[in-house]
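J.: I have a structure here, written as C-alpha cells, and I will follow up with some questions on it.
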C-alpha cells in the first residue's frame, strides 16, 4: 500500500522546503521548494471563511461566530476564488517546485495504472496550510480525482492493538445539540448493529458518566461524537460541548481518554464543528487516526457524511477510500453551503500509515468467548471436588452465621440528621451517598419554581430533604399571572422572585443574555433524564410514528391518520402552553424550529389534555413520560428515528391495555431514555443565579442533594432516569 508523503517546512526565506517520499520506498526521496502562500490565496480563503460563517444555518451551530457582519461578497464567489488562487500557486513555474510537481504526476500515474488507491499524507505544521482545500488543485481534481489527502497529527507512544474480544464496539456520545438535530446520527450509528456491532450511546452525559464509560474494561474500536465542538484558530486545542452546561477540553479528560486509547481505540469521528484541535490533542494521547471537520458543518451535511462513510467502510473499503467517497457524495450541498465538500478531513499519525484500518480487519481479529468443552474424567473429578468444597464452605458459613465481607461498599443506612461538621468517611468521599453528607446546606426560607414536569420530583424529594435539614425550608411559588412552566420559572429567577428554578429544558441564549446584562450568570445543573411520550386514543389503530411523521403532523402537513396507514379520522392536535419547558423543547428538537400548525389547541394542564384525548379518537398529545405513561385512558406510541428503523416504546415491557388499569399500569422505559434508543429524551436542570448571594448557595445545595445516591434513587422512584 503506497502512500505519498509531502512534507512542508517553513524556511527563513518566505516559502516552504518540500520533501517528497513514499512510505514503501517505491521512489527515491526528492527535495524542492514551494513559494510562500500568495496574499491573494490567504485573502480569498479568509473571505470564504467569513462569508461561509455568515450563512444562517452556520451561524446557528458555530461556537465562535462574532456578531453578524455586512459583507460585499458571497461564499460561492469566494469558493471559486480560492480554487483559482490555489491552482495559480501550485501550478507555479518556480524551478525549485516544478520537479516536485512532475514527480507527483509520475507517481500518481503509476498508482492509477496499477489500479491502486492514491493516498496523500500532508505533513505541515503551518495552520494555514492545514486548512487549505488541497483537493481543489487541478492536478488532483482533474487528472487524479480518486486521490484523498490526510493531514499528519503528531503523537507519542506505540500504537495499541484493537480490542479482540467480543463484538465490534462503537461508543457514540451525543453532546450539546442546540440548533442541530442529532437524532439521525444516532439512527445511522445504531444501524451498525445489523453488521454485528455493539453500540453504546450516551446522550448529553454528565462528566462522571462520560469518564466511567470511557473506562469500561472491554474498550472500543470507534468513538463518535455528535454535537457542538470548537478549536483554536491554529488548530492546536479543541473543546467538545458534552452537555448543555459542560464544555470540556481534551486535557480535562486526558487520563480517561488515554485509558480508552490504551485499550485499543482505533478511530475517533467528530461529526461536529471545527475539530482540528481535537485531532491534534488526541494524537498526543496516542490515538492513531481521526476524522474531523475543518469548519462548522451544517446538520444535514454532517448526517449524510456519517451515513455515506459507514456505507463505504462496512463494505471493507479503506479509511482513505471511505472518506473520499463520502466527501464526494456531498456535492449536491455545494449550492447551499459552498465549500461543504472541503470539510471532512482525515487526521492520522505517521506511525499508523503502515497499519491500514478496515471493518474486516477489525472483525477478523475478534475472538468469541470460549465455549464449554468436554471434560475428561480427571477434570470432571477435580471440578466435582472443588464444587463440594465450595458448597461445604457456604453451608458452614450459613450455620456459623458468618458472612463474607464486601469490599468498598457502604451498606449502612443514611443518617437522619446532618453530619456536615463531622469528617466524612472514605466511602463518603468517593461518592456522596446520603442527603446528610452534603455540606453547606444553608438555613433559611427558599422560594423555587416552576416546571410542571418537576412536580413528581418535588413531591417525592423535598419532604425527605426537609426531614434531614428542617431549617432548609423550601416553598414552591407560582407566578401571579403566568401559567407554570420552565420559561416562567427562569423568568421569575431573572427577576429575583425566586431563589432557584427547575427546568425541563436548557437555558436559552436570550435568557443568558438577560442575565449578563443584569450583572450575573445562570448555571444549569443536570440532575435527571426524562422522555417525552406521544399519546393517542387507546382505540386508534396506529402503533408508532417516525420523528419525520411526528414533525409533519404537528406542522399541519399530515392532517388525517389515514395518511400514515391509520383510520380515516381527522388528526386533532393538542399541546402544552408555550411557556412550559416541554413545548419549546418539542418545537426545537422535533419540529426543527418550525411553527406549530395553526389548528393546534393549547391546553393549560396535562390532566385536561388527557380528558380531550379520551373524548376525541383522532387526538394526539405530548408530555413528560412519567406524567402520562401510567395513565389509563390513553395509548403511548412507539417512536422510531426513521422509516425502516427500530420503533421503541416509551413504556417498559408489554403494553398494559386500559381494561387492566389501574390494577396494572404502564411504567416509563427509563433504560431507553438513558441509553438514547428512545428518540425523544431530554435532561432536567436546576437553574442557579451565579451572583454570590445566599440564593446561589441554596440552589447549589439543592442540586448537590439531588445528585447524591439517595437523591438519584428517589428520582428513579418518581419515574425519571437518574443521571448518575
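J.: Inside the range 493-588, counting only strands (runs of 3 or more DSSP E) that do not spill past its ends, which hold 2 or more residues that are over 23 Å from residue 688 (Cβ atoms)?
T.: In the range 493-588, 521-536, 544-546, 572-575 are the strands (runs of 3 or more DSSP E) which contain 2 or more residues that are over 23 Å from residue 688 (Cβ atoms).
J.: Is there a residue being in contact with a strand residue (DSSP E or B) (Cβ under 8 Å, 6 or more places away or on another chain) and without any contact (Cβ under 8 Å) to a residue 24 or more places away in the chain anywhere in the range 315-326?
T.: yes
J.: The conditions are (1) exposed (fewer than 14 other Cβ atoms within 10 Å of the Cβ); (2) at pLDDT below 90; (3) outside any loop (DSSP other than H, G, I, E, B), and residue 105 fails exactly one of them. Which is it?
T.: Of (1) exposed (fewer than 14 other Cβ atoms within 10 Å of the Cβ); (2) at pLDDT below 90; (3) outside any loop (DSSP other than H, G, I, E, B), only one is false for residue 105: (2).
J.: Of 652, 704, which residue is more than 21 Å from the chain's Cα centre (by Cα), modelled with pLDDT of 90 or more and within 23 Å of residue 433 (Cα to Cα)?
T.: When all the criteria are applied, what remains is 704.
J.: Still on this model: Among the listed residues 659, 710, 674, 716, which satisfies the condition of being touching a residue at least 24 places away in the same chain (Cβ under 8 Å), over 20 Å from residue 503 (Cα atoms) and assigned to a helix (DSSP H, G or I)?
T.: 710
J.: Something else now. Please go through the range 573-593 and give me each residue that is more than 19 Å from residue 182 (Cβ to Cβ) and surrounded by fewer than 20 Cβ atoms within 10 Å (Cβ to Cβ), ordered by number.
T.: Answer for the range 573-593, where residues must be more than 19 Å from residue 182 (Cβ to Cβ) and surrounded by fewer than 20 Cβ atoms within 10 Å (Cβ to Cβ): 577, 578, 579.
J.: Looking at the range 67-77, is at least one residue in contact with a strand residue (DSSP E or B) (Cβ under 6 Å, 6 or more places away or on another chain) and modelled with pLDDT of 90 or more?
T.: no
J.: For residue 176, which of the numbered conditions (1) assigned by TED's automatic domain parsing to the domain that holds residue 241; (2) not in a loop (DSSP other than H, G, I, E, B) fails to hold?
T.: (2)
So that you can scan it fast, the table gives a plain yes or no per residue for (1) surrounded by 14 or more Cβ atoms within 10 Å (Cβ to Cβ); (2) touching a helix residue (DSSP H, G or I) at 6+ places or on another chain (Cβ under 8 Å); (3) at pLDDT 50 or above; (4) not assigned by TED's automatic domain parsing to the domain that holds residue 286:
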{"residue": "345", "(1), (2), (3), (4)": "yes, yes, yes, no"}
{"residue": "350", "(1), (2), (3), (4)": "yes, no, yes, no"}
{"residue": "370", "(1), (2), (3), (4)": "no, no, yes, yes"}
{"residue": "374", "(1), (2), (3), (4)": "no, no, no, yes"}
{"residue": "381", "(1), (2), (3), (4)": "no, no, no, yes"}
{"residue": "398", "(1), (2), (3), (4)": "no, no, no, yes"}
{"residue": "421", "(1), (2), (3), (4)": "no, no, yes, yes"}
{"residue": "433", "(1), (2), (3), (4)": "yes, yes, yes, yes"}
{"residue": "447", "(1), (2), (3), (4)": "yes, no, yes, yes"}
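The values are calculated or read from the model by the stated rules, or taken from the named source; none is laboratory data. Quantities reported herein were computed from a predicted structural model and do not represent experimental measurements. Don't worry about glycine lacking a Cβ; one is built from the backbone with ideal geometry, like all the others, and counts go over all protein chains shown.
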